[in-house]
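Down below is the structure, laid out as structure tokens.
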Amino acid sequence: MEDKRVLTIEDISCFGQCSLTVALPIISACGIETVVIPSSVLSTHTTGFSGYTFRDLTEDIPRIAEHWKSLDLKFDAIYTGYLGSKKEVSYVIDIMESFNALKIVDPAMADNGILYPGFDQEYVQEMTKLCGNADIILPNITEACMMTGVEYKTEYDDAYIITLLKKLHEMGADTVILTGVGFEKGKTGVMISIRGMVSYYEHRKIDRNCHGTGDVYASTFVGALMNGKDAYTAAKIAADFTVRCIDATLSDKTHWYGVKFERQIPELIKNILEN
Ligand code: PXL
């Protein structure tokens with residue numbers, strides 16, 4: 001298989017197993033050259049910790065991109081996760097316009113009906129624009145509702161999810177991977193909609209709210225997709241891997257801040273090779 005190169009843009013949370021400290025090892029382990037732009041550096045992620053440091057690298061983003069343009073660098077895909085500010089999102093939109101690559105966006109701004117600390121309505125609007133310019137988006141239900149103006153619900157039927165998918169497509173993306181969609185107790189899953197052709201992959205729901213699983217999910221999806229898997233298969237591989245990582249973390253009560261994904265990577269690679 002031809003070697004692939006992905007650019008990922010997101011923060012470095014030095015401690016906490018999310019964003020770049022998840023994306024870089026997972027995508028690289030999938031055999032993909034992983035180029036990074038760290039959009040900011042934090043001592044930890046922002047959920048569950050207080051007093052974290054935050055170094056903004058926003059103004060480095062266009063400078064890095066200008067240098068790369070002079071080198072004529074090419075990427076097969078650009079994948080973005082957590083971004084620290086509205087300005088960063090606007091720079092990412094510029095980068096996506098300047099480099100001809102598959103655009104994959106995880107809005108990474110909200111969960112369980114609420115925005116992550118530090119984000120506001122203006123940020124949601126800018127992220128809605130970025131998602132509208134993307135080819136593939138991976139929102140959860142909270143993010144989908146915030147971007148489409150649909151009321152957030154924890155209990156819903158097929159029709160509600162189909163409406164969300166339709167409104168997300170209307171924003172612009174061809175492929176929508178809607179995560180955390182569950183219709184029965186003890187189950188959750190992902191809705192995969194490719195230009196309105198909808199399929200569903202259901203799996204076990206583990207009753208523990210884990211940080212960083214959105215990043216593990218999106219990074220694995222990108223790694224599998226870049227290995228030539230179709231969106232449904234990549235979404236399924238990512239879901240199975242995320243569940244394994246949560247399972248591997250459950251027995252360790254001190255490990256509340258992220259998931260232990262590292263020792264699960266060999267199984268992920270096996271799954272990618274076999275599927
Ligand atoms: O995508 C999760 C994430 C990444 N980076 C930072 C975060 C979070 C979630 O809260 O705070 C800094």
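The values are calculated or read from the model by the stated rules, or taken from the named source; none is laboratory data. Just so we're clear, the structure is a prediction, and the values are computed from it rather than from any experiment. Every residue, glycine as well, gets a Cβ built from its backbone with ideal geometry; the counts of neighbours run over all protein chains shown. Note: accessible area is taken over every heavy atom of the protein model, side chains too, but ligands, DNA and RNA are not part of it. Shrake-Rupley method; radii C 1.70, N 1.55, O 1.52, S 1.80 Å.
General remarks:
- Global geometry of the range 124-180, whether rounded, prolate or oblate, following the gyration tensor of its Cα atoms and the 1.5 cut on a/c: prolate
- Cα convex hull volume per residue for the range 43-126 (Å³): 111 Å³
- Choice from 263, 244, 204 showing the highest fluctuation, given a GNM over the chain with Cα pairs closer than 10 Å: 263
- Note: the range 73-229, Cα convex hull, 114 Å³ per residue.
- Neighbour cut-off at most 10 other Cβ (10 Å), DSSP loop, GluC sites (Glu not before Pro), the range 129-222: 151, 155, 184
- 3J(HN,Hα) from dihedral phi, the range 100-112, Karplus parametrisation 6.51/-1.76/1.60, rounded to Hz, x for glycine, proline: 7, 8, 5, 9, 10, 10, 9, x, 6, 10, 7, 6, 6
- Distant alpha-carbon pairs in the chain (separation over 34 angstrom), percent: 11 percent
- Protein heavy-atom accessible surface, 1.4 Å probe, per residue over the chain: 45 Å².
- Across the range 1-89, the convex hull enclosing all Cα atoms gives 90 Å³ per residue.
- Within the range 142-275, the percentage of alpha carbon pairs spaced more than 23 angstrom apart rounds to 35%.
- The lysines whose alpha-carbon is closer than 24 Å to the alpha-carbon of residue 4, local same-chain residues fewer than 8 away aside, are 69, 74, 103, 229, 236, 270.
- When both the range 35-82 and the range 125-202 are represented by their alpha-carbon centers, they are found 26 Å apart.
- The value of relative contact order for the range 156-254, using C-alpha pairs under 8 Å at least six residues apart, is 20 percent.
- Near the amide H of residue 230, within less than 5 Å, lie no amide hydrogens of residues on another chain or at least 5 residues away, with H placed in the peptide plane.
- Per-residue ³J(HN,Hα) for the range 179-189, Karplus 6.51 cos²θ - 1.76 cosθ + 1.60, θ = phi - 60°, Hz, x for Gly and Pro: 9, x, 9, x, 10, 10, 4, x, 10, 8, x
- All alpha carbon pair distances within the range 196-275 were sorted into 10 Å bins beginning at 0; the resulting P(r) in whole percents reads 18, 51, 26, 5, 0.
- Relative contact order %, the range 42-124, counting alpha carbon pairs below 8 Å whose residues are six or more apart: 30 percent
- For the chain, averaging the sequence separation of C-alpha pairs within contact (under 8 Å, six or more residues apart) and dividing by the residue count gives a relative contact order of 16 percent.
- Amide H contacts of residue 189 (H built 1.01 Å from N, under 5 Å, at least 5 apart or other chain): 180, 181, 182, 203
- Other-chain or far-sequence residues with amide H under 5 Å of residue 212's (modelled H): none
- Expressed as a whole percent, the accessible area of the range 164-208 that falls on carbon and sulfur atoms is 49 (1.4 Å probe).
- Of all the options 254, 34, 154, the one that moves most in a Gaussian network model of the chain with Cα springs shorter than 10 angstrom is 254.
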